């Protein structure tokens, strides 16, 4: 019997315009809808959004999700 190893990739994005917890939730919610994303942590104070996924994400897809939330991917 072999164990299946799951590799996860962590990517940190910079997002412009987040100022509060509601902003963090909006951005995290939209990005978490992308296929392969297992977790998203957004921090308004630093503008950093940390995304854990099972493969590299298309930057345009991330930008579109951030835009949908009303913010800008830097």
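The modelled label-to-label distance between residue 46 and residue 64, using points 7 Å beyond Cα along the C-beta direction, is 2.9 nm. One Cα centroid belongs to the range 16-33, the other to the range 36-74; the line between them spans 9 Å. Angle of helix 59-69 to the longest C-alpha principal axis of the chain, folded into 0 to 90 degrees and rounded to 10: 50°. Between residue 19 and residue 33, the modelled labels are 2.4 nm apart [label points 7 Å from Cα along Cα→Cβ].
Using equal-weight Cα scatterers in the Debye expression, the normalised intensity of the chain in log10 at q = 0.16, 0.21, 0.28 Å⁻¹ is -0.50, -0.80, -1.36. Computed on the range 9-73, with alpha-carbon pairs under 8 angstrom and 6+ residues apart, the relative contact order is 43 percent.
We did not get these values from a lab; they are worked out from the coordinates using the rules stated. Just so it is clear, the model here is predicted, and its values are computed rather than measured. Cβ atoms come from the backbone with ideal geometry, glycine included; neighbour counts cover every protein chain shown.
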